[in-house]
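Below: the structure, in structure tokens.
The values are calculated or read from the model by the stated rules, or taken from the named source; none is laboratory data. Predicted model only: the values in this text are computed from it and were never measured. All Cβ positions, glycine included, derive from the backbone under ideal geometry; neighbour counts span all protein chains shown.
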Amino acid sequence: MVATIARTRRRRWPIVAVLLGVPIGLYLLEPVAGPWLRTTLIVAGSLLVEAVPFVLLGAFVSAAIEVFVPASAFARIATLPRPLQLPAAAAAGIAFPVCECGSVPVARRLARRGLSPSAAVTFMLAAPVVNPVVIASTLVAYRARDTQWLMVGGRFLLGFVVAMAVGWVVGSRRSEDLLRARADEEDEPDDLGAGRARRFVGHLSGDVLFMGRYLVVGATVAAVVQTLVPPPVLDGVASLPVLGIVVMMVLAFVMSLCSESDAFVAASFVGFSPGAQLAFLVSGPMLDTKLAALYVGTFGRRFLRTAIVTVGTLTLALCLWVDVLW
């Protein structure tokens, strides 16, 4: 017991250091970098204020599905003809919305319980893009803009298509070939009775803390880029069709935002084309730094390479067409 308390106290020290160090550092930097620092904090703060409610809503829905919806709810997809399994799995993301981090263990459970790996992967990639919470956040982020419905509809359709493409590339691989073996893995029972409420609170709090820290980092990076990078440089990159899309995809990978909040960050890059912003919104929930680690641990390095090539290439091609047609 004493050792546990000591470990808990040691874990709290980094949090305390951040809470004390950030305001002290800002106070010391104010005389030197007052104007740009204030602008950066204002931009980051506005992004956080708009995005946090959707993070909370997404975490609530994701925790509810993880705890109260059994994996057998997806069993009917496995009974469909193979040509219909991928569209049905992608559409299941609408009815069973989970965040990108939560979709990986769900997909693993589905594949281990008999769903074809291609359908499980399609659901895993589509759910964080096409679910109602993400669509609502995108609608709010682009409100009063002439590209509002392009961004909402484009994100839904492109996410749907890219997710099915990755599932199709995975093809007929068996679950044993796709999933990395884990000796300590056991199926979780679907009904845990009185323990459900405790599990729900645990998932909810864990998701909020996990997604919240990435949101803070992402909002800060976006604010710093827009404040410190000279407008001519940013406009020069944004005006180049291919490079602008690639830059936004790289930013999405590095920032590792949750899909419930990334639309507010994407919308803040007003100099980039609609296609480049769509690339940020489509590729980010499918490929980022935290997901790369989850993919390697769950499916192996081969799947990560497949996802990078397929998602990157197809998103670039589709978003180029969006810019051409728009």
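Worth a mention:
- For first residues located in segment 305-326 and over 20 Å from A126 (Cα atoms), partners that are polar (S, T, N, Q) and lie 6+ apart or on another chain with Cβ distances below 8 Å form the pairs D323/S273; W326/T147; W326/S273.
Okay, residues lined up against (1) hydrophobic (A, V, I, L, M, F, W, C); (2) surrounded by 21 or more Cβ atoms within 10 Å (Cβ to Cβ):
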| site | (1), (2) |
| --- | --- |
| V265 | yes, yes |
| A279 | yes, yes |
| P285 | no, yes |
| T289 | no, no |
| A293 | yes, no |
| R301 | no, no |
| C319 | yes, yes |
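- Pairs where the first residue, in segment 252-277, is at positive phi and the second is outside any loop (DSSP other than H, G, I, E, B), C-beta under 8 Å, 6+ apart: S256/Y214; S256/V217; S256/G218; S256/T289; S256/K290; S256/L291
- The set of residues in segment 103-156 that are farther than 19 Å from V169 by Cβ and among the aromatic types (F, W, Y) comprises Y142, W149, F156.
- Residue within segment 279-291 that is in a helix (DSSP H, G or I), within 22 Å of V98 (Cα to Cα) and among the basic types (K, R) present: yes
- Among the residues making up segment 132-147, those that are in contact (Cβ under 8 Å) with a residue 40 or more places away in the chain and part of a loop (DSSP other than H, G, I, E, B) are Y142, R145, T147.
- Criterion violated by S259 - all others in (1) under 20 Å from V106 (Cβ atoms); (2) small (G, A, S); (3) in a helix (DSSP H, G or I) satisfied: (3)
- Scope segment 209-259; condition crowded, with 20+ Cβ neighbours inside 10 Å, touching a Cys at 6+ places or on another chain (Cβ under 8 Å) and either modelled with pLDDT of 80 or more or of a type in the set (A, V, I, L, M, F, W, C) (or both); matching residues: M211, L215, I245, C258, S259
- The numbered conditions (1) at pLDDT 85 or above; (2) part of a helix (DSSP H, G or I); (3) among the β-branched types (V, I, T) are all true for V270 except (2).
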